[in-house]
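A short reminder: the numbers here are calculations on the coordinates, not readings from a lab. Remember, it's a predicted structure, so these values are computed and weren't measured experimentally. When we count neighbours, we look across all protein chains shown, and the Cβ atoms used for this are built from the backbone with ideal geometry, even at glycine.
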Amino acid sequence: MEKEAKEKRDELLDSLSKGLALLQLFASEGASLTIQDVAEKLDVTRAAARRLLHTLLHHGYVVQEGKAFWVTPKVIELGYAYFAAMDLPTLSRNPMRILAEQLNETCSLAVLDSSSIVLIAREEPKQMVRLDMTVGRRMPAYAHSLGRALLAFLDTERWEAYLANTELKKLTQFTICTRSGLERKLAQVRAENYSLLISEMVDGLAGLSVPLRERDGRVIASLGVSMVLGSRTEKQIIKQCLPALRETAGRIEALLHAMRK
């Protein structure tokens with residue numbers, strides 16, 4: 001047992017452990033800390049304490065005023081997205097199943113992770129045509145309706161960070177992959193509160209999505225239906241699918257908000 005425990009300890013990343021310990025220290029102290037405070041409380045050298053604090057400072061998790069360091073609200077982001085979304089797949093299952101059967105289309109739920117969306121839930125009707133959209137799949141946010149329903153509500157800082165870390169590729173002849181073109185589309189999504197894409201990620205496929213919001217209005221996920229386009233027009237897709245999609249989103253939000261009370 002001792003040998004096994006030692007092997008596990010050897011696999012730990014010491015710098016990460018100390019960084020987590022520093023965040024816990026801020027949480028327990030509830031006030032500012034100096035380099036000397038950190039060195040004493042974490043039992044590390046002043047040089048190590050300085051490196052830890054300046055690493056958090058570089059990434060925006062603390063600010064410095066003179067010798068004192070203060071934690072910033074950005075720390076909340078480390079856990080908020082996970083805890084905000086963790087109930088969604090369970091809460092959404094029945095409403096999504098009903099929507100998939102009602103529209104006879106694949107219904108998906110996604111969150112934003114870096115440059116991609118990640119599918120966290122999926123329901124499909126009993127039909128022969130199945131779309132390749134398994135839970136856990138990652139797709140480029142800029143070229144998917146689920147992604148645009150999330151990107152449209154990023155603040156300026158997060159939008160700039162997204163652009164800086166994303167290569168906008170032309171996936172089909174219809175893909176909008178310029179900053180100016182995307183920003184016009186995202187402004188439209190904000191105004192209309194839905195996102196419709198046709199043949200931008202895969203030629204012949206369409207997607208219609210809406211944002212899902214927390215009690216405070218924060219967009220935490222997107223809900224959408226995906227379909228083979230066939231002979232349908234944009235107006236037909238919106239007329240056939242948007243009312244039911246919005247109703248389902250409202251039902252899921254109500255369930256989520258009830259859980260947050």
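At a glance:
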| quantity | calculated |
| --- | --- |
| Extension gain from Arg158 to Gln102, taking 0.36 nm per residue of separation minus the Cα-Cα distance | 16.6 nm |
| Neighbour-count order for Ser115, Ser15, fewest beta carbons within 10 angstrom listed first | Ser15, Ser115 |
| ³J(HN,Hα) computed for each position of the stretch 59-67 - Karplus, 6.51 cos²θ - 1.76 cosθ + 1.60, integer Hz, glycine/proline x | 8, x, 8, 9, 10, 10, 10, x, 8 |
| Amide proton proximity set for Ala221, modelled H, under 5 Å, gap of 5+ | Leu212 |
| Distance between modelled label sites at Asp113 and Arg46, nm, 7 Å Cα→Cβ extension | 4.3 nm |
| From phi via Karplus (6.51, -1.76, 1.60), per-residue ³J(HN,Hα) for the stretch 174-188 in Hz, x at Gly/Pro | 9, 5, 7, 9, 10, 4, 5, x, 5, 5, 5, 5, 5, 5, 5 |
| Ellipticity estimate at 222 nm from DSSP helix runs (n ≥ 4, -39,500 (n - 2.57)) divided over the chain, nearest 500 | -15500 deg cm²/dmol |
| Gain upon complete extension [Leu57, Arg190; 0.36 nm per residue less C-alpha separation] | 44.6 nm |
| Additional length obtainable on full extension of the chain from Glu234 to Glu167, 0.36 nm per residue less Cα span | 21.4 nm |
| Percent of Cα pairs exceeding the 31 Å cut-off, where the set is the chain | 40 percent |
| Residues whose placed amide H lies under 5 Å from that of Val62, excluding near-sequence neighbours | Leu57, Thr72 |
| Under the Karplus curve 6.51 cos²θ - 1.76 cosθ + 1.60, θ = phi - 60°, whole-Hz ³J(HN,Hα) for the stretch 203-215, x wherever Gly or Pro sits | 4, x, 10, 10, x, 10, 9, 10, x, 10, 10, 6, 4 |
| Rounded if a/c under 1.5, otherwise prolate or oblate - the stretch 135-261, Cα gyration tensor axes | oblate |
| Net charge dipole size for the stretch 158-240 [Lys, Arg +1 and Asp, Glu -1 on Cβ; Debye, nearest 20] | 160 debye |
| Net +/- balance of residues flanking Ala49 in space, Cβ distance below 13 Å, scoring K and R +1, D and E -1 | +3 |
| Check: the chain dipole with +1 on Lys, Arg Cβ and -1 on Asp, Glu Cβ, in debye | 500 debye |
| Other-chain or far-sequence residues with amide H under 5 Å of Phe69's (modelled H) | Leu33, Thr34 |
